[in-house]
Structure formats: structure tokens, C-alpha cells
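So the structure is just underneath, and the comments pick up after that.
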Amino acid sequence: MIPVTELRGAIPIGIALNLNPIGVYIASVIGSTLVSIPLVLTYRHVVQFMREKNIFTKLLNKIDQKIENSMKKMKAASLLGIILFVGIPLPTTGTWTAAAIASLLRMRVIEAFTGVFIGNCLSGIIVSLISYHII
């Protein structure tokens, strides 16, 4: 659940400690995914607070305008985008960043959660295979 490392750090550490790899994978995916719901909701409140206090108003208005202009395209691609964003294990492409993106895109919580879950499953598989030197 910790930002930056998330399951990308938990799986290699669990494997290095000779823990059950399936248990490590399941615990890492669940732990990294569960944090997405409160994060999406928290980020929404932070953005609302920033609007009320006129903090980063120009940036938020610019993001809103982009979303309004391409809402249909973005909504259709947002779930797949979150899955791929989380699923490819690169630095800063985990649950925390995906939750912020989902908040900015005004995705429904269940869609954000689903995208993060599937992305974490994919990322967990890739990280596990890398940890075992298979890829």
C-alpha cells in the first residue's frame, strides 16, 4: 500500500524472503488494490478543496476543459487506460497515481477500482516473472 513501491516492491521482497509466491502475489494485489477506493475519494475532495480555495485554478480549469472536449473518447478509453497504466510496472505508474488520474477523469469508483485491480493483477504477474528471472 505504500506509494512508489506498492506491489512492485512487495513481490520481490517476499520472494527474496522465501515466502509462498502465490500468497505473496495475492496479498500484494489485494493490498495494493484496496487502497484505491479511499484514494479516489480523497483525491476528489482535495480537488474540490483546491477549487474552493482558488489553488491551481488555471490548471484545474485547463484539465476540465480537456476532459469536456474529449469526454466520450476519454470515458471509453479511461478503463483500458487505467489498466495499462497500472499494469505496466514502471516507476510512478501504480495505484496512487492511477487513483489521482481516475479522480481527475471523474471516473466512477467501481470503474477505477476495476481498472486498478486488473492492472495490479497484470503488474503482479510481470513483477513475479521478473523476480524469478523468467523474463
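The values are calculated or read from the model by the stated rules, or taken from the named source; none is laboratory data. Please read these numbers as outputs of a predicted model, since none were measured by experiment. Every residue, glycine as well, gets a Cβ built from its backbone with ideal geometry; the counts of neighbours run over all protein chains shown.
Could you grab me the full set of residues in region 88-135 that are under 12 Å from the mean Cα position of the chain (by Cα), under 17 Å from residue 2 (Cα atoms) and among the small types (Gly, Ala, Ser)?
Listed by number, the residues that qualify are 94, 98, 99, 100, 119, 123.
Quick test for you: out of 28, 78, 32, pick the one residue that is surrounded by 15 or more Cβ atoms within 10 Å (Cβ to Cβ), modelled with pLDDT under 90, among the hydroxyl-bearing types (Ser, Thr, Tyr) and within 27 Å of residue 123 (Cα to Cα). Spell out the reasoning first.
Values: 28 fails: modelled with pLDDT under 90; 32 fails: modelled with pLDDT under 90.
After applying the criteria, what remains is 78.
Can you name every residue in region 42-53 that is among the aliphatic types (A, V, I, L, M) and surrounded by fewer than 14 Cβ atoms within 10 Å (Cβ to Cβ)?
46
Could you list, in sequence order, all residues of region 1-48 that are more than 17 Å from the chain's Cα centre (by Cα) and assigned to a loop (DSSP other than H, G, I, E, B)?
17, 18, 19, 20
Taking only region 3-25 into account, find how many residues are at negative phi and surrounded by fewer than 13 Cβ atoms within 10 Å (Cβ to Cβ).
Applying the first criterion (at negative phi) to region 3-25 yields 3, 5, 7-17, 19-25.
Filter once more, keeping what is surrounded by fewer than 13 Cβ atoms within 10 Å (Cβ to Cβ): 3, 16-17, 20, 22-23.
Residues in region 3-25 being at negative phi and surrounded by fewer than 13 Cβ atoms within 10 Å (Cβ to Cβ): 6 in total.
List, please: which pairs have Cβ atoms under 9 Å, are six or more places apart or on different chains, and start with a residue in region 116-127 that is more than 10 Å from residue 11 (Cα to Cα) and end with one that is among the basic types (Lys, Arg) and modelled with pLDDT under 95?
Close Cβ pairs satisfying both conditions: 123/8.
Suppose we filter region 100-132 for residues that are at pLDDT below 90, of a type in the set (A, V, I, L, M, F, W, C) and part of a helix (DSSP H, G or I); how many remain?
Here the count works out to 4.
Of everything in region 95-115, what is touching a residue at least 60 places away in the same chain (Cβ under 8 Å) and either in contact with a His (Cβ under 7 Å, 6 or more places away or on another chain) or more than 18 Å from residue 46 (Cβ to Cβ) (or both)? Give them in sequence order.
113 - this is the single residue of region 95-115 that is touching a residue at least 60 places away in the same chain (Cβ under 8 Å) and either in contact with a His (Cβ under 7 Å, 6 or more places away or on another chain) or more than 18 Å from residue 46 (Cβ to Cβ) (or both).
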